[in-house]
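The values are calculated or read from the model by the stated rules, or taken from the named source; none is laboratory data. Keep in mind the model is a prediction, meaning the values are calculated, not measured. Glycine also receives a Cβ, built like all others from the backbone with ideal geometry; neighbour counts cover every protein chain displayed.
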Amino acid sequence: MELRAENVSMRFFRKRGEANFFEAVCPVSLTLKSGEMTVLKGKSGSGKTTLTHILAGLLNPYEGKVLLDGTDLYAQSDVSLSRLRNEKIGMIPQGRSAVDTLTVYENILLPGLLYGKGEDRTAKAEEWMNKLGIAELRDAMPAELSGGELRRLAIARVLAADPEVIMADEPTGDLDDENTRIVLEAFHSIAHEKNRLVFIVTHESDVLPYADRVLSMDNGRISFPVSNT
Amino acid sequence: MKRFSPVTRNLIRKPGRTVALVLLTALLALSVFSGSIVILSLRGGLNSLENRLGADVIVVPSTAKSKTNLEQMLLQGTTGYFYMNREKLDKVRNTAGVEKASPQLFLASLRASCCSVPVQVIGFDQETDFTIRPWVAESCSRTLADKELAVGCRVSADVGESIRIYGVNCPVVARLAETGTGLDTAVYCSQETLQMLLDAARDLGHDLKISGSSEDVVSAIYIKVRDGVDPQKVADDINVHIRKVEAVSTKGMLTGVSDSLKAASGTITWLIAALWILALVILFIVFAMMVNERRRELAVYRLLGMSRKMLSSMILKEALLCSLAGALCGVVLGAALVFPFTTLIEHSLKLPYLTPAAGTILLCAVLALAVTVISGSAASMRTARKLSRVDPGTTLREGA
């Protein structure tokens, strides 16, 4: 599996200084491959989240293409792109991403239910809830959870779906050291043992030792590579 | 894998929002259903009154303040009695344009130990009658014998039972179809029976302000005019040429009732429209408020792979279920408000009121359900469209 960005950029049309827009992502080309855990680091506001959303098929770029195994994501119809996202891309966004009217367990099972695929994800859901320490919260509602628990819910939801592409935006932001270690080891082993494409966005340095490749972003511009561990 | 529907989960686990939507749509269905039933009942009452009266002109004594009293008696079932000399009948029969003229004599029973129920007793001439006989014939093909009664449908006595009037036990042999008017609370008998009742009343010492035999007086004369003759002209002729009587064209009387009915129907229609618009505006506001409340939640659904179409369909399904539940509640509530209080509505509107047949009621219920469900879903469509266009990337980034 290969995810390739070709000259993608993003402009937001808001007044910034002299201009009527600001360029969140300057034209960038980038290739991500399965079996690799890539980390994109950078300060807040550097454009990391915007680039991740573009790569995940969530935000149409101002210009450029995103190709997943040669398929141009943004040339797809909404129906095809949505289905592709559901089947192949697992995204852990920043902040709350739980559906408030579903329990923790239902939230984790939700992606598998959208297209009625009948694939039984309960075992995987149980496994990741146990690994991430939220098994006891199975029937709790999102409103009852702390920030860290919500984050682990979002991670469990993606890992239980076992997609070919995993993208995580500040996945360890709300986690304690122990859970940070568990999550990063999980991402690392999934990338290598299951040959998945893992892309992590962070501003925290404790993620870097797990990365196969580290990219850096500043003011919408990306620099390659910072290091290989 | 245990399957679940996000739609039902959303409805069950956001009870405040769901109840608000159900209540609003219930209000919509309630107004449409109960309003339609009341309007149809009023129209049914007028048609029934028109059919039952069966006469073109009615003549009553002028001392009876004719029209008002007659209308009150016919529409509201107010009991009363007024009399005029029988010679008026001959004069009426001799009036140009009169084809048939049949007398009726009224007597009111009392709320007293001598009488089972206070009712208007109407004695009619079985030989010349053309207004009551056709209705009696529906349940009793023979002529009424002495003491026998045909009763209006709201008189609480069944065929085979007896009603005691001034101490006389009168068997009920026929029960007339409902008209939704005061005629439903009257009882009908032959003139001979009425004479018997008059005698019995006198024996009991009741002063009925009637002198001599019932054969000498009449309360009202029902007239059928010849084909091509204007009933109003006949009524005018009678009023000019026969003293101390008031001839009323039933068409004119019914026009008055019809005008009142139109006014009442108009008010009810406006009321329904106002409630409908109010509920619809509130529904739009509630759904519009949902746009902001649910923006992030729906961005998460998009993130997980829901297409715009699926998202719209989910919001529409929620609205559809709420509207359906609300519509059912509204129709049931409407039925509970309208049907048990038929008499109260009839008395407060002072108009003939005949509840429609079960099939028509069912049709009204189905229409109210359809109108409500369509309105509720339509109100949600704008929100569904707006929310389905939520850009998940931007929304998740902004709300992070």
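Is there a residue being of a type in the set (G, A, S), over 19 Å from B:I58 (Cα atoms), surrounded by fewer than 22 Cβ atoms within 10 Å (Cβ to Cβ) and at pLDDT 85 or above anywhere in the stretch B:200-207?
yes
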**Asked** Among all residue pairs at least 6 apart or on different chains, which show Cβ distances below 9 Å where the first residue, located in the stretch B:264-288, is in the same structural domain as B:V22 (by TED's automatic domain parsing) and closer than 24 Å to B:Y353 by Cα and the second is of a type in the set (K, R) and part of a helix (DSSP H, G or I)?
**Response** B:S265/B:R43
**Request:** Please state which of the following conditions A:L51 fails to meet, knowing it meets all the rest: (1) facing chain B (nearest Cβ under 9 Å); (2) part of a helix (DSSP H, G or I); (3) closer than 17 Å to B:G393 by Cβ.
**Result:** (1)
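Here is a check on your reading of the model: is B:L208 in a loop (DSSP other than H, G, I, E, B), over 30 Å from B:P356 (Cα atoms) and outside the structural domain of B:E346 (by TED's automatic domain parsing)? Write out each step before concluding.
On the way: in a loop (DSSP other than H, G, I, E, B): yes; over 30 Å from B:P356 (Cα atoms): yes; outside the structural domain of B:E346 (by TED's automatic domain parsing): yes.
The answer is yes for B:L208.
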**Prompt:** Can you tell me how many residues in the stretch A:94-111 are more than 8 Å from every other protein chain (Cβ to nearest Cβ) and part of a helix (DSSP H, G or I)?
**Reply:** 4
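Could you check, for the stretch B:273-290, whether at least one of its residues is within 14 Å of another protein chain (Cβ to nearest Cβ) and of a type outside the set (V, I, T)?
The first filter runs over the stretch B:273-290 and keeps only residues within 14 Å of another protein chain (Cβ to nearest Cβ), leaving B:290.
Those still in the list that are of a type outside the set (V, I, T) too: B:290.
For the stretch B:273-290, residues within 14 Å of another protein chain (Cβ to nearest Cβ) and of a type outside the set (V, I, T): present.
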**Prompt:** Can we say B:I268 is over 20 Å from B:R93 (Cα atoms) and β-branched (V, I, T)?
**Reply:** yes
**Residue list for the stretch A:1-37, restricted to those being touching a Phe, Trp or Tyr at 6+ places or on another chain (Cβ under 9 Å) and either buried (at least 22 other Cβ atoms within 10 Å of the Cβ) or small (G, A, S) (or both)** = A:L3, A:V8, A:S9, A:M10, A:A24, A:V25, A:L32, A:M37
**Prompt:** Is the stretch B:374-394 home to any residue that is of a type in the set (A, V, I, L, M), within 14 Å of chain A (Cβ to nearest Cβ) and over 46 Å from the mean Cα position of the chain (by Cα)?
**Reply:** yes
**Of all residues in the stretch A:75-93 being surrounded by fewer than 21 Cβ atoms within 10 Å (Cβ to Cβ) and touching a residue at least 60 places away in the same chain (Cβ under 8 Å), the one that is farthest from the other protein chains (Cβ to nearest Cβ)** = A:K88
**Prompt:** Would you call B:L183 surrounded by 22 or more Cβ atoms within 10 Å (Cβ to Cβ), touching a residue at least 60 places away in the same chain (Cβ under 8 Å) and under 29 Å from B:F341 (Cα atoms)?
**Reply:** yes
**Prompt:** If you go through the stretch B:148-174 one residue at a time, how many are surrounded by fewer than 21 Cβ atoms within 10 Å (Cβ to Cβ) and either assigned to a loop (DSSP other than H, G, I, E, B) or polar (S, T, N, Q) (or both)?
**Reply:** 12
**Lone qualifier among B:L107, B:L40, B:L11 - being within 14 Å of another protein chain (Cβ to nearest Cβ), touching a helix residue (DSSP H, G or I) at 6+ places or on another chain (Cβ under 8 Å) and at pLDDT 75 or above** = B:L11
**Prompt:** If you scan the stretch B:87-108, which residues turn out to be part of a loop (DSSP other than H, G, I, E, B) and small (G, A, S)?
**Reply:** B:A96, B:G97
**Complete:** The correct count of residues that are under 19 Å from the mean Cα position of the chain (by Cα), assigned to a loop (DSSP other than H, G, I, E, B) and buried (at least 17 other Cβ atoms within 10 Å of the Cβ) in the stretch A:61-74 is 1
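Among A:I200, A:I182, which is among the β-branched types (V, I, T) and within 18 Å of A:E127 (Cβ to Cβ)?
Working: A:I200 fails: within 18 Å of A:E127 (Cβ to Cβ).
So the residue among A:I200, A:I182 that is among the β-branched types (V, I, T) and within 18 Å of A:E127 (Cβ to Cβ) is A:I182.
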**Search result, residues across the stretch B:138-147 that are closer than 29 Å to B:Y353 by Cβ and surrounded by fewer than 19 Cβ atoms within 10 Å (Cβ to Cβ)** = B:E138, B:S139, B:C140
**Message:** If I filter the stretch B:280-311 down to residues being among the small types (G, A, S) and out of contact with any Gly (no Cβ under 9 Å at 6 or more places or on another chain), which single residue comes out as farthest from B:L46 (Cα to Cα)?
**Reply:** B:G305
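At least 3 residues that are charged (D, E, K, R) and at pLDDT below 90 in each: list the helices (runs of 4 or more DSSP H) lying fully within the stretch B:304-400 that qualify.
Helices (runs of 4 or more DSSP H) meeting the threshold: B:358-388.
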**Prompt:** Picking from A:M10, A:M37, which residue would you name as being within 12 Å of chain B (Cβ to nearest Cβ) and in contact with a strand residue (DSSP E or B) (Cβ under 8 Å, 6 or more places away or on another chain)?
**Reply:** A:M10
**Message:** Would you confirm whether or not the stretch A:78-88 contains a residue that is part of a loop (DSSP other than H, G, I, E, B) and either of a type outside the set (D, E, K, R) or at pLDDT below 95 (or both)?
**Reply:** no
**Fill in**
Of the residues in the stretch A:16-34 that are assigned to a loop (DSSP other than H, G, I, E, B) and touching a strand residue (DSSP E or B) at 6+ places or on another chain (Cβ under 9 Å), the one that is farthest from the other protein chains (Cβ to nearest Cβ) is A:S34
**Message:** Take A:T122 and tell me if it is farther than 17 Å from B:L303 by Cβ and hydroxyl-bearing (S, T, Y).
**Reply:** yes
